[in-house]
Amino acid sequence: DSACKNRPLDLVFIIDSSRSVRPEEFEKVKIFLSEMIDTLDVGERTTRVAVLNYASTVKVEFPLRTYFDKASMKEAVSRIEPLSAGTMTGLAIQTAMDEVFTEEMGTRPATFNIPKVVIVVTDGRPQDQVQDVAVSAQAAGIEIYAVGVDRADMQSLRIMASEPLDEHVFYVETYGVIEKLTSKFRETFCAANVCALGNHDCEQVCVSNSGSYLCDCYEGYALNPDKRTCSAVDMCAPGKHECDQICVSNNGSYVCECYEGYTLNPDKKTCSAMDTCAPGRHDCAQVCLSNDGSYSCSCFEGYTLNPDKKTCSAVDMCAPGRHDCEQVCVRDDLFYTCDCYQGYTLNPDKKTCSKAITSSLVTTEESCKCEAIAALQDSVTSRLEALSTK
């Protein structure tokens, strides 16, 4: 029945092979296991099965990670041998928790939400304490079904089983009729998949529900009042998105974007101001000034920003009001130096000027002295020339 798909399970059978179970009865238990396997949707991504065999000791016949096809699993079941001593049911449940329901042994992680299920098959009264270990198992999220055969103690079955008890405790008179329980578990684990048969009118998603179905919608869509069709929701409505700055609706979903001057962080939700003055990010001719995710342009000293707010032009440094020379400003490329008018000299501050100092006038008396000295010099020179001639 391909339309019958059981929900994925991590399923562990715990079977009693104590002395009270005769060999031919144990064979009936193995047939029951094989028929149960046949009803399950066995596979690595669907239902995984493990088997524990117990008496006074416990043996893990195979864990959840070993077999993912029915044929191999049933072949392994056929090779199981009874242990033939004691009935340590509590120890068996504890071993399932410690050694089977672990990720190393094949149990799927809790995030997968795969139910953990135990089916205990026994014909006697436990020789150890089962109540506390059963409570621990159920607290760990393990659902326990208890199957009693013949002389099984009903009180012990009820102590170890999960609630509600009428859905988790089963009893058969003999191992010869245990196979009848297969249909019971089939009803529990498997429901007709109406969605697989195509007998539905859901527009987007069909969800099988105990022989019936419900309609659902893809992410970003909401179920309409007719419970069949779907409408896209505004994923950018307030409170529906996690975008830091801009939300862009995208066919039932959304993407985040940022304002100009910001860049989207790796989380695809929040934004960070980028360095708008980094090389290649601006069009300023000379100086870029970053300003909270934006920028403005400026110029070097001696230049002025043009009306386009990007390029610069050299300014006349000797224009009125642009220099501090007292008398003369001399332009030198982008700079200037100060000078003074004729008759003035530049002061040490290189800006102001002072009137130049000239020599005083020569007096008449000093002039006469100069003439007398000159005449004496001429007379001496004449005498020396005459002596030289003689």
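Couple of notes before you dig in:
- Total residues in the stretch 61-110, condition aliphatic (A, V, I, L, M) and either outside the structural domain of L40 (by the TED database) or over 15 Å from S18 (Cα atoms) (or both): 11
- Cβ pairs under 6 Å, 6+ apart, first in the stretch 59-81 and open to solvent by 50 Å² or more (accessible area, probe 1.4 Å), second part of a helix (DSSP H, G or I) and of a type in the set (S, T, Y): K74/S34
- Identity of the residue in the stretch 4-33, of a type in the set (A, V, I, L, M) and under 46 Å from the mean Cα position of the chain (by Cα), that ends up surrounded by the most Cβ atoms within 10 Å (Cβ to Cβ): V12
- The combined condition, being at pLDDT 85 or above, under 22 Å from D10 (Cβ atoms) and among the aromatic types (F, W, Y), is not fulfilled by Y171.
- Selection status of E35, touching a residue at least 60 places away in the same chain (Cβ under 8 Å) and of a type in the set (D, E): yes
- Among (1) open to solvent by less than 10 Å² (accessible area, probe 1.4 Å); (2) in contact with a Ser or Thr (Cβ under 8 Å, 6 or more places away or on another chain); (3) part of a strand (DSSP E or B) - the single one M36 does not satisfy: (3)
- Conditions (1) within 23 Å of A140 (Cβ to Cβ); (2) under 35 Å from the mean Cα position of the chain (by Cα); (3) modelled with pLDDT of 95 or more; number of the one not met by I114: (3)
- Test result for T95, closer than 21 Å to I144 by Cα and either free of Cβ contacts under 8 Å to residues at least 24 places away in the same chain or of a type outside the set (F, W, Y) (or both): yes
- Hey, P115 touching a helix residue (DSSP H, G or I) at 6+ places or on another chain (Cβ under 7 Å) and either surrounded by 16 or more Cβ atoms within 10 Å (Cβ to Cβ) or in the same structural domain as D16 (by the TED database) (or both) or not: no
- Number of positions in the stretch 122-159 that are surrounded by fewer than 15 Cβ atoms within 10 Å (Cβ to Cβ), closer than 16 Å to Q94 by Cα and of a type outside the set (S, T, Y): 7
- The residues of the stretch 82-92 that are open to solvent by less than 20 Å² (accessible area, probe 1.4 Å) and farther than 18 Å from I144 by Cα amount to a single one, G86.
The values are calculated or read from the model by the stated rules, or taken from the named source; none is laboratory data. Keep in mind that this is a model prediction, so the values were computed, not measured. A quick note on method: Cβ atoms are made from the backbone with ideal geometry, for glycine too, and the neighbour counts reach across all protein chains shown. Ligands, DNA and RNA are stripped out before the accessible areas are found, and what is left, the full protein with its side chains, is counted by its heavy atoms. Shrake-Rupley method; radii C 1.70, N 1.55, O 1.52, S 1.80 Å.
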